[in-house]
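The block underneath contains the structure these notes are about, expressed in structure tokens.
The values are calculated or read from the model by the stated rules, or taken from the named source; none is laboratory data. Everything numeric here is computed off the predicted structure, so don't read it as measured data. Glycine gets a Cβ as well: all are built from the backbone with ideal geometry, and neighbour counts include every protein chain shown. Just so you know, the surface numbers come from the protein's heavy atoms only, side chains and all, with ligands and any DNA or RNA stripped out. Shrake-Rupley method; radii C 1.70, N 1.55, O 1.52, S 1.80 Å.
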Amino acid sequence: MTPAQVLAMAKENNVKVVDIRFMDFPGTWQHFSKPASELTESCFEDGFGFDASSIRGWQPVNASDMLVIPDPSTAKIDPFFKDTTLVMIGNIFDPITLESYSRDPRNIARKAETYVKSTGIGDTVFIGPEAEFFIFDDIRYRSEPNISFFSIDSIEGPWNTHRDEGPNLGYKTRYTEGYFPVPPSDKFQDLRSEMMLVLASLGIEVECQHHEAATAGQSEIDMRFKPLVQMADQLMWFKYVLKNVGYRSGHTVTFMPKPLYGDNGSGMHTHMSIWKGGKPLFAGDKYAGVSQEALWAIGGILKHCGALCAFTNPTTNSYKRLVPGYEAPINLAYSSRNRSAAIRIPMYSPSPKAKRIEFRTPDPSCNGYLAFSAILMAALDGIQNKIDPGDPLDKNIYDLPPEELSEIPSAPGSLDEALAALAVDKAFLLKGDVFTQDVIDMWIEYKTANEVDPVRLRPHPHEFHLYYDI
């Protein structure tokens with residue numbers, strides 16, 4: 001869509017408000033609104049000024065001025081605002097040099113797409129994330145020097161089998177038994193369908209929706225694969241739509257990876273394929289019908305998984321899901337059908353066009369622009385350096401004897417471990433200036449100061465259960 005077409009779209013829909021959105025460094029959508037009369041073709045060249053010192057991880061106060069220039073191809077009508085509002089995602093620029101801002105996550109993703117073309121390896125990268133989430137009825141939490149707690153409630157929760165609900169009709173979902181039950185056990189079919197249809201109204205293609213394995217409304221809605229930047233944009237719309245559809249129905253949606261103890265966490269299995277000249281690079285005659293390039297790409301992701309997790313699993317809570325001995329894919333191996341491996345080669349279709357690799361370690365707390373770009377850079381490094389992924393692992397990892405299991409490397413066990421891996425394994429990310437040293441340094445600094453240390457320094461409520469009377 002061109003600027004002229006955006007203006008025509010605004011006129012045709014009688015738009016009253018224009019909303020400009022961009023993502024801050026950690027991964028939250030930010031926005032400001034202007035009256036529709038302010039939208040002119042010059043806006044797509046001159047942009048809009050804003051204070052970047054108030055955006056997490058960005059500019060200092062003495063150099064706060066930045067520009068956001070809307071991308072006309074991202075124009076959509078917001079489905080929630082009272083007054084008709086046209087939304088565009090913007091790119092961030094320095095107002096003096098007019099260079100793209102290094103810490104703008106969308107800029108990093110755009111550079112990743114440019115870099116893959118410059119290598120000659122491919123010209124299009126398709127990404128398909130499976131972002132799981134929870135739908136809760138009530139959430140309360142507090143963290144103070146003298147008090148810390150959280151309380152979650154859900155009509156589906158098995159802890160409510162005894163509650164007086166006037167009357168309690170049962171059909172509570174047992175722990176780990178939420179995969180695909182029909183109503184009345186599945187309480188959120190209509191809500192998920194509403195979410196799916198709102199996404200479709202925005203032009204976001206959805207393949208399916210269903211209840212997921214955990215109790216308390218864990219769900220999944222799968223978007224059809226798209227090019228990297230487009231999918232990162234869609235992931236932001238995805239989270240926005242799901243949260244707002246839930247909110248207006250009296251529910252709360254969270255993409256927190258592990259909100260419940262003793263049940264499945266929320267992952268974001270991420271499918272990726274590289275194409276060149278309209279042909280899939282990952283289709284071939286090697287293991288599971290993939291190409292040698294696909295195997296090298298797997299080798300790159302497995303080699304760099306520690307550093308990748310700093311972006312694909314970027315919260316301290318992410319590692320409550322990535323625990324040895326459970327279903328979470330922490331084992332750095334690959335397989336054609338084994339879902340306990342970090343990388344799976346889906347076998348749903350024999351078509352060469354369907355050949356892709358599925359990185360199962362990521363979770364939906366991530367910043368999609370950064371996570372997808374980092375995964376791509378690891379895969380490209382694998383292809384460029386012909387990194388051998390070793391033999392596939394088609395056994396059930398959890399049935400392996402301890403001596404054999406000990407030979408399989410694992411993903412990091414904590415966010416600080418992932419950040420430490422990133423600090424030493426970063427050269428693959430710096431290629432093509434996709435990620436810069438400034439970005440990596442600020443990511444490690446921000447995450448350590450604002451997340452790792454505050455969690456590490458605080459007593460945990462369960463420690464009182466264990467140790468108060470010691």
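Okay, here's what the table says:
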quantity: Descending principal axes extents, segment 44-151, alpha-carbon based, whole Å; calculated: 52, 40, 36
quantity: Residue-level accessible surface for residue 460, protein heavy atoms, 1.4 Å, Å²; calculated: 100 Å²
quantity: Ratio of Rg to Rh over segment 42-97 (Cα coordinates, Kirkwood Rh, two decimals); calculated: 1.06
quantity: Ordering of 179-188, 310-319, 217-226 by burial proxy (mean other Cβ atoms within 10 Å per residue, highest first); calculated: 310-319, 217-226, 179-188
quantity: Global geometry of segment 219-268, whether rounded, prolate or oblate, following the gyration tensor of its Cα atoms and the 1.5 cut on a/c; calculated: oblate
quantity: Segments 136-149, 274-287 sorted - mean Cβ within 10 Å per residue, highest first; calculated: 274-287, 136-149
quantity: Extension gain from residue 171 to residue 63, taking 0.36 nm per residue of separation minus the Cα-Cα distance; calculated: 33.2 nm
quantity: Option label - semi-axes √(5λ) of the Cα gyration tensor in Å computed here, alternatives (1) 60, 30, 20; (2) 72, 28, 19; (3) 33, 30, 24; calculated: (3)
quantity: Sparse-neighbour loop sites [GluC sites (Glu not before Pro); segment 328-431; at most 13 other C-beta within 10 Å; DSSP]; calculated: 407
quantity: Distance-filtered residues of segment 8-35 - backbone nitrogen under 20 Å, label point 7 angstrom along residue 442 Cα→Cβ; calculated: 21-32
quantity: Charge context of residue 443, other residues only, Cβ under 12 angstrom, K/R +1, D/E -1; calculated: 0
quantity: Simple spin-label estimate for residue 53 and residue 347 in nanometres, 7 Å along Cα-Cβ; calculated: 5.9 nm
quantity: Pairwise FRET efficiency - residue 4 versus residue 247, Cβ, R0 = 25 Å, nearest 0.05; calculated: 0.10
quantity: Apportionment of accessible area to carbon and sulfur, the chain, percent (1.4 Å); calculated: 53 percent
quantity: Added length on full extension, which subtracts the Cα-Cα distance from 0.36 nm per residue, residue 80 to residue 450; calculated: 130.0 nm
quantity: Added length on full extension, which subtracts the Cα-Cα distance from 0.36 nm per residue, residue 162 to residue 276; calculated: 35.2 nm
quantity: Surface accessible to a 1.4 Å probe, per residue, for the residues of the chain, Å²; calculated: 45 Å²
quantity: Inter-centroid distance (Cα atoms) of segment 306-384 relative to segment 386-439, Å; calculated: 10 Å
quantity: Mean separation of Cα contacts under 8 Å, 6 or more apart, over the residue count of the chain: relative contact order %; calculated: 14 percent
quantity: Förster radius 45 Å - calculated FRET efficiency between residue 190 and residue 38, Cβ distance, rounded to 0.05; calculated: 0.70
quantity: Anisotropy class of segment 100-164 from Cα gyration tensor, a/c 1.5 cut; calculated: oblate
quantity: Helix-only [θ]222 nm of the chain, DSSP H runs n ≥ 4, -39500 (n - 2.57) each, per residue, nearest 500; calculated: -9000 deg cm²/dmol
quantity: Average Cα contact separation per residue, segment 204-359, under 8 Å, 6 or more apart, as relative contact order %; calculated: 18 percent
quantity: Viscosity 1.306 mPa s, temperature 10 °C, Stokes-Einstein D of segment 370-463 from Kirkwood C-alpha radius, µm²/s; calculated: 97 µm²/s
quantity: Of all DSSP beta bridges in the chain, antiparallel share, percent nearest 5; calculated: 85 percent
quantity: Heavy-atom accessible area order for 353, 426, 11, largest first, 1.4 Å probe; calculated: 11, 353, 426
